[in-house]
1. For the stretch 29-87, what are the residues that are out of contact with any His (no Cβ under 8 Å at 6 or more places or on another chain), without any contact (Cβ under 8 Å) to a residue 24 or more places away in the chain and closer than 27 Å to ALA167 by Cα?
2. Give the stretch 191-223 a look and list any residue that's surrounded by fewer than 24 Cβ atoms within 10 Å (Cβ to Cβ) and away from the ligand (no atom under 15 Å from the Cβ), or say none.
3. Quickly run through the stretch 284-301 and pick out the residues that are assigned to a helix (DSSP H, G or I), open to solvent by 30 Å² or more (accessible area, probe 1.4 Å) and within 14 Å of the ligand (Cβ to nearest atom).
4. Hey, does the stretch 424-445 have a residue that's closer than 23 Å to MET55 by Cα, free of Cβ contacts under 8 Å to residues at least 12 places away in the same chain, of a type in the set (A, V, I, L, M) and outside any loop (DSSP other than H, G, I, E, B)?
5. Kindly indicate whether any position in the stretch 56-66 is more than 28 Å from ALA375 (Cβ to Cβ) and open to solvent by 10 Å² or more (accessible area, probe 1.4 Å).
6. State which residue pairs qualify: first residue closer than 15 Å to SER119 by Cα and open to solvent by 60 Å² or more (accessible area, probe 1.4 Å) and inside the stretch 400-413, second residue among the acidic types (Asp, Glu) and modelled with pLDDT of 95 or more in any location, beta carbons under 8 Å apart, and separation of 6 or more residues or different chains.
7. With the requirement that a residue be more than 16 Å from the ligand (Cβ to nearest atom) and either surrounded by fewer than 20 Cβ atoms within 10 Å (Cβ to Cβ) or under 10 Å from VAL238 (Cα atoms) (or both), what does the stretch 257-270 give you?
8. Restricting attention to helices (runs of 4 or more DSSP H) lying wholly within the stretch 343-410, give those where 1 or more residues are among the polar types (S, T, N, Q), within 16 Å of the ligand (Cβ to nearest atom) and closer than 14 Å to VAL245 by Cβ.
Amino acid sequence: MTALDQTLHDIYDEVLHRNPGETEFHQAVYEVLSSLEPVIAKHPQYADAAVIHRMCEPERQIIFRVPWHDDSGTVQINRGFRVEFNSALGPYKGGLRFHPSVYLGIIKFLGFEQIFKNSLTGLPIGGGKGGSDFDPKGRSDNEIMRFCQSFMTELYRHIGEYTDVPAGDIGVGGREIGYLFGQYKRITNRYESGVLTGKGLTWGGSQVRTEATGYGAVFFIDEILKAANDTFDGKRVVVSGSGNVAIYAIEKIHQLGGIVVACSDSSGYVVDEKGIDLELLKEVKQDRRERLDAYIEGRGGAAELVNGRLTWDVPCDIAVPSATQNELDGDDAARLIKNGCKIVAEGANMPCTPEAVKLFTEAQVKFAPGKAANAGGVATSALEMQQNASRDSWTFGYTEQRLAAIMNGIHDRCLSTADEYGAPGNYVVGANIAGFIQVADAMLAQGLI
Ligand code: NDP
């Protein structure tokens, strides 16, 4: 970890003190604070008005009981969360995660990241995040529905198109958003399309929302390549995960001429030297909700399954970690660098540990942090909100063009801000500072909030 100056150090100490045990939240805060020294040197008003202090404290944190019946009639109890972190730029916006590892510290790290990510999109959305320690794996459709209905029975009173607009994340896709929206509609007796994003295309959803996070990350990498007069053509890529973000990252990389040779799930990873067969992967993971060994079966042994490890020992030009937080550590980074990897873009939120990021930076690997590289998902959610507000629906081509333009804008803003603050080419510094300044200025303008 780099040393922080005294003001930032004091803020970080207070965060540790007020949020004991929330290690992922501490990590996310530290990562942002370590970019802000030149900002408070140039703009002391941010420190004077305690803007950074205030930004580290969520506006509201909601924790609730989620009781539901499983298929055998047994009562199950989970814990639900919604952290409404910052509404300076617009209604709270951020996904819901259903995964057994979820606790307050995970939701706070994700909500904190979301503030800066949403700011970077240039769209009017604040930052929030939510979820539950519910494990959807192995649950029937009926169990998922009953859980979602119970979850929304509490959540509905805290959300609304002008208040807080949740979407999907790990374990929450189109099926779950459908059940959540249906229950919101029953309770409120309102067809309030803009209350959730990631909806189905026939009932208020946006074209490209499903693909947006993966596509957006690849558009961002394409901008990095263009800045070096390069292209995806023939590039060997490794992606981790095989969920929403990973699948559409693979799809767009293949469209742009790259070849993805490996992906993973929580059981292990697949190496397919001919390139991942995307239709088969979608069938296994999206339609049949099975494990990657079913992919190997489908390939008739032409690909190899490695159990229990992540994908980073496979040599590649570009790595796109798209599974979960802290999935790529210092050893993995050293291996990637040794094997010639030149670009790493975070499809997931905070998948690289601080040690890994440090090694990439030292080795001059182009490193795109999640708050910039995976912002395409939330940006397209904001486009879905625009369509809902105007009762309109746009074509796939037009929406994809808007997404590509937003990713181009984020890329350029990161680079110009990094230049301005003395860290040319450093996307981490650029993303943190550009994201921060816009929120900080809005908070200053709105008084002591
Ligand atoms: P999904 O649930 O669709 O997919 C997650 C994938 O990661 C699955 O393949 C899953 O494996 C794997 N995975 C999850 N946890 C672990 C773990 N602990 N170890 C190994 N593999 C794991 O989620 P998404 O694709 O939506 O999200 C992936 C990441 O992208 C998250 O960090 C999320 O916050 C981030 N993100 C998502 C956005 C979106 O629009 N969906 C927007 C911006 C960021 P398995 O199938 O075995 O569970």
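The values are calculated or read from the model by the stated rules, or taken from the named source; none is laboratory data. Source: prediction; values computed, not measured. Positions of Cβ are backbone-derived with ideal geometry, glycine not excepted, and every protein chain shown enters the neighbour counts. For the accessible areas, the whole protein counts, side chains as well, though only heavy atoms, and no ligand, DNA or RNA atoms are used. Shrake-Rupley method; radii C 1.70, N 1.55, O 1.52, S 1.80 Å.
1. ILE77
2. Residues satisfying the conditions are TYR191, GLU192, SER193, GLY194, GLY200, LEU201, THR202, TRP203, GLY204, ASP222, GLU223.
3. Within the stretch 284-301, LYS285, GLN286, ASP287, ASP293 qualify.
4. yes
5. Looking for residues that are more than 28 Å from ALA375 (Cβ to Cβ) and open to solvent by 10 Å² or more (accessible area, probe 1.4 Å), one finds at least one in the stretch 56-66, hence yes.
6. Here the result reads ASP412/GLU223, each pair linking the stretch 400-413 to a residue that is among the acidic types (Asp, Glu) and modelled with pLDDT of 95 or more.
7. Those that are more than 16 Å from the ligand (Cβ to nearest atom) and either surrounded by fewer than 20 Cβ atoms within 10 Å (Cβ to Cβ) or under 10 Å from VAL238 (Cα atoms) (or both): GLY257, ILE259, VAL261.
8. 376-389
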